[in-house]
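Chemist: I'd like to ask you about the structure that follows.
The values are calculated or read from the model by the stated rules, or taken from the named source; none is laboratory data. In this text the structure is predicted, and so the values were computed from the model without any measurement. We place every Cβ from the backbone using ideal geometry, glycine too, and count neighbours over all the protein chains shown. Protein only, heavy atoms only, side chains kept; ligands, DNA and RNA dropped before computing areas. Shrake-Rupley method; radii C 1.70, N 1.55, O 1.52, S 1.80 Å.
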Amino acid sequence: MDSFKLLSIVGARPQFIKAAPISRAIKGYNESAERVIVDKILHTGQHYDYLMSKVFFDDLGLAEPDYNLEVGSGSHGKQTGRMLEGIEEVLIKEAPHMVLVYGDTNSTLAGALAATKLQIPVAHVEAGLRSFNRTMPEEVNRVMTDHISTVLFCPSESPVKNLCAEGITQGVHNVGDVMYDSFLYSLKVSGGTSTVLKDLGVEPKEYYLSTIHRAGNTDNITNLKSILSAFKLLDKPVVLPLHPRTAGILKNELSGFDRGLTKIINPLPYDDLIALAGSSRAILTDSGGLQKEAYFLKVPCITLRDDTEWVETVEAGWNILTGAEKDRIIKACKSLDEERPPYRELYGDGHAADKIIEVINEFADAL
Ligand code: UD1
């Protein structure tokens, strides 16, 4: 086969970060290989604000999507349903040899389901992660996607074990984490050039960085209040680049709430976020990606959830789970000066995307 058509389905901010190294690896592969991998990108439009979407395409050198379904926001059923309908049309038109989906969002599930129904093989990047908490929409998306995928790319060893426990052993590859690829690339290309600390008027190690966007911490106002109350009592101010979902709730339902010294700013482009994270005293987050970015940066993480799918970071002693409880958050911040175990590489060698392309190529050989 001289040409293999791969269609990537993305839609939410973290997926642009995960897709970028794969697109770069495909470009590199096509320069020297006999076979051409045609790299098509479908954006569902789940995220649509400039700072949630386009800025990542511009900054990470990701090609403009070939399709944008512009589904926008909505309830889970509505959003996923609209995606399914739109993705199916594109898949019928493009007839790719394989569909690549990333992570655990509604775009991931819709992409995997639409392709499977058309008998197009699905490859899942970031397969096998489990928080074992089915109240999280992301957990449902992960489990469903893994069970209908043909090729499963795991970022570390524990997801391989999770899949095995669910009876999935075929097509499973531990390739490392594409987010580590993105992280290393960003350090190489623009490391040290961000002016974000200066722009915000903060000094290295004199602030905490936080992000909050999970349904469990935003739709549940009690949790959000508890987290913000903890922030007011910390020894240093918190910088909080705010997801539009949380910003909306703060504006509409917590407008009179005293936020103390917490500095609320707009969502940040990738390089600025990495720069701000790297110089922070610690990261307080409910994001999955940022838990790992904290680890890559050797910055301690306090996870504002009761569980995590990134269990290695906790086992390694660099991530503390506090949920949304005020006292636990404060206690965790007080423990930050305690010694942590030595850093170990947990998520591969920064060449996950190359390994993914190798496996896809073997898959193409077998067609
Ligand atoms: C989604 C993913 C989550 C991921 C996150 C990354 C699901 C179920 N959740 O959560 O796993 O960690 O993306 O950011 O897929 N909004 C805007 N502008 C935007 C996007 C969203 O204003 O560009 C607001 C809307 O009010 C929307 C809300 O944010 O209703 C939630 O957006 P949605 O895409 O449903 O979920 P996220 O919380 O972003």
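Chemist: So which residues in region 63-88 are loosely packed, with under 13 Cβ neighbours inside 10 Å and within 15 Å of residue 40 (Cα to Cα), if there are any at all?
Modeler: 64, the sole residue that qualifies.
Chemist: Among the residues of region 4-39, what is the count of those that are assigned to a helix (DSSP H, G or I) and surrounded by fewer than 15 Cβ atoms within 10 Å (Cβ to Cβ)?
Modeler: 4
Chemist: Of the residues in region 213-231, how many are near the ligand (Cβ under 10 Å from one of its atoms) and either open to solvent by less than 40 Å² (accessible area, probe 1.4 Å) or in contact (Cβ under 8 Å) with a residue 40 or more places away in the chain (or both)?
Modeler: So the first thing to find is which residues in region 213-231 are near the ligand (Cβ under 10 Å from one of its atoms), and the list is 213-215, 218-219.
Restricting the remaining residues to those that are either open to solvent by less than 40 Å² (accessible area, probe 1.4 Å) or in contact (Cβ under 8 Å) with a residue 40 or more places away in the chain (or both) gives 213-215, 218.
Residues meeting the conditions: 4.
Chemist: Looking at (1) within 16 Å of the ligand (Cβ to nearest atom); (2) part of a strand (DSSP E or B), which is the one condition that is false for residue 239?
Modeler: Here residue 239 clears every test but (1).
Chemist: Ok, one more. Could you grab the pairs with beta carbons closer than 7 Å, sequence gap of 6+ or different chains, first residue in region 25-52 and assigned by TED's automatic domain parsing to the domain that holds residue 14, second one of a type in the set (Asp, Glu) and more than 16 Å from the ligand (Cβ to nearest atom)?
Modeler: Taking only residues 6 or more apart or on different chains, the pairs are 25/354; 26/39; 35/2; 36/2; 40/66; 40/94; 41/66; 42/66.
Chemist: Could you look through region 269-305, keep only residues that are out of contact with any strand residue (DSSP E or B) (no Cβ under 6 Å at 6 or more places or on another chain) and charged (D, E, K, R), and pick out the one that is nearest to residue 197 (Cα to Cα)?
Modeler: 272
Chemist: Give 88, 139 a once-over and let me know the one that is within 16 Å of the ligand (Cβ to nearest atom), farther than 21 Å from residue 49 by Cβ and in a helix (DSSP H, G or I).
Modeler: After ruling out the rest, the residue left standing is 139.
Chemist: Go through region 251-274 and report how many residues are without any contact (Cβ under 8 Å) to a residue 24 or more places away in the chain and within 12 Å of the ligand (Cβ to nearest atom). Break it down stepwise before answering.
Modeler: Taking region 251-274 first, the residues without any contact (Cβ under 8 Å) to a residue 24 or more places away in the chain are 251-252, 255-256.
From what's left, within 12 Å of the ligand (Cβ to nearest atom): 251-252.
Total satisfying the criteria: 2.
Chemist: Against the conditions (1) open to solvent by less than 40 Å² (accessible area, probe 1.4 Å); (2) within 10 Å of the ligand (Cβ to nearest atom), where does residue 131 fall short? Just the number, please.
Modeler: Result: residue 131 passes all but (2).
Yes/no per residue for (1) modelled with pLDDT of 95 or more; (2) buried (at least 21 other Cβ atoms within 10 Å of the Cβ); (3) not assigned by TED's automatic domain parsing to the domain that holds residue 53:
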position	(1), (2), (3)
160	yes, no, no
192	no, no, yes
195	yes, no, yes
236	yes, no, yes
